[in-house]
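First comes the structure, then the notes that go with it.
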Amino acid sequence: MGQTVTKKQRPVHLDLRTIRQPVAAIASILHRVSGVITLFALAILLWLLSYSLSSEAGFLKVVDIVDGFFVWFILWGILTALAYHIVGGIRHMIMDLGYCSELETGALSAKVALGVTAFLSVLAGIMVW
Ligand code: HEM
């Protein structure tokens, strides 16, 4: 009797653009994104490899395609995504083993993963150009 029913406002709309994401969340999102980039890149790179191995003319065509600033830039992006996916993947597996899964250590390992990737990305840039 006399009970007041307060209605919760549902559904709750979380606007991801207005929420400040913690570094571990950013690392996690980037890991998924880098996995998808790697997946599509692999298909294109395998096609290029197969085309280059098909004949001498195919090889020369691929050399022609891969020569240019825009393509180098894409290759550098692919290598950076792959580097992050591997580094982030190793981080994930370490966490799966029960290490670095607390709030502070998780944030620290995310920063380390991003830092290592930045270094590898510079190396990839030197390699490509
Ligand atoms: C051809 C190479 C690869 C492709 C195309 C690929 C693709 C992907 C994709 C798309 C995801 C996201 C799945 C999701 O979040 O639903 C994923 C997750 C994952 N990848 Fe890879 N990956 C590759 C190589 C690797 C390597 C070399 C490692 C290890 C160093 C790795 C470790 C992981 C881990 C641990 C996850 C799960 C992360 C989580 O639990 O959120 N991957 N991969």
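Nothing in this text is a laboratory measurement; each read-out follows from the coordinates by a stated rule. Note that the coordinates shown come from a computational prediction; the quantities given were computed from them, not determined experimentally. Every residue, glycine among them, receives a Cβ derived from its backbone with ideal geometry; neighbour counts consider all protein chains shown.
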Answer from Ile90, Ile65, Ile74 - the residue that is within 16 Å of the ligand (Cβ to nearest atom), surrounded by fewer than 16 Cβ atoms within 10 Å (Cβ to Cβ) and free of Cβ contacts under 8 Å to residues at least 40 places away in the same chain: Ile90
Residue that is farthest from Gly125 (Cα to Cα) [pool: residues in region 62-89 that are β-branched (Val, Ile, Thr) and out of contact with any helix residue (DSSP H, G or I) (no Cβ under 8 Å at 6 or more places or on another chain)]: Ile86
Where a residue in region 24-41 is farther than 12 Å from Gly88 by Cα and its partner, wherever it lies, is near the ligand (Cβ under 9 Å from one of its atoms) and part of a helix (DSSP H, G or I), with Cβ under 6 Å and at least six apart: Thr38/Leu82; Thr38/His85
One residue from Leu108, Leu46 being assigned to a helix (DSSP H, G or I), out of contact with any Phe, Trp or Tyr (no Cβ under 9 Å at 6 or more places or on another chain), under 26 Å from Ala124 (Cα atoms) and within 16 Å of the ligand (Cβ to nearest atom): Leu46
